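Contents: one structure, followed by commentary.
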Amino acid sequence: MKTLIVQIKCQLGQAYQVAADIIDKVIPCHIYSISGHYDLLAVMNLDDEVDPGQFVNNQLHKVPGIAETSTMIAFNAFAPGAV
């Protein structure tokens, strides 16, 4: 499993529709509205065989209302007592 953390800048007035479209049409995930340069933060889990670059370019970027993205890949999740 690969975890992508994607910051999404939306066209004006489109953040709620973009979030709904990603959850309903692209991939079930956690999406947060955030402050700062970006409007949304999406945490997505991809199967190991899915190429993150292909996923972002071929699926996520096709959502209407997305103006810009910044993608990070998370490697390890830490929890209290697990380190």
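Details
- Taking Phe75, Phe55 and counting other C-beta atoms within 10 Å, the order from fewest to most: Phe75, Phe55
- Helix-only arithmetic for the chain: the sum of -39500 (n - 2.57) across DSSP H runs with n ≥ 4, divided by the residue total, places the mean residue ellipticity at 222 nm at -4000 deg cm²/dmol.
- Residue-span extension gain [Ile27 to His61] - 0.36 nm each, minus C-alpha spacing: 11.0 nm
- Net +/- balance of residues flanking Tyr16 in space, Cβ distance below 13 Å, scoring K and R +1, D and E -1: -3
- Each of Gln14, Val63, Cys29 was scored by the projection of its Cα onto the charge dipole of the chain, and the greatest displacement toward the positive side belongs to Gln14; charges sit on the C-beta of Lys, Arg, Asp and Glu.
- Computed over neighbours whose Cβ is under 15 Å from that of Leu41, the net charge equals -1, Lys and Arg +1, Asp and Glu -1.
- Extension gain, Ala74-Asp47: 0.36 nm per intervening residue step, less the Cα-Cα distance, totals 8.4 nm.
- Local electrostatic count, Lys2, Cβ distance below 13 Å [Lys/Arg +1, Asp/Glu -1]: -4
- The chain: radius of gyration over Cα atoms, expressed as a fraction of 2.2 N^0.38 Å: 1.12
Values in this text are rule-based calculations from the coordinates and carry no lab data. What you are looking at is a predicted structure, and each value in this text was computed from that prediction instead of being measured. Backbone-built Cβ (ideal geometry, glycine too); neighbour counts: all protein chains shown.
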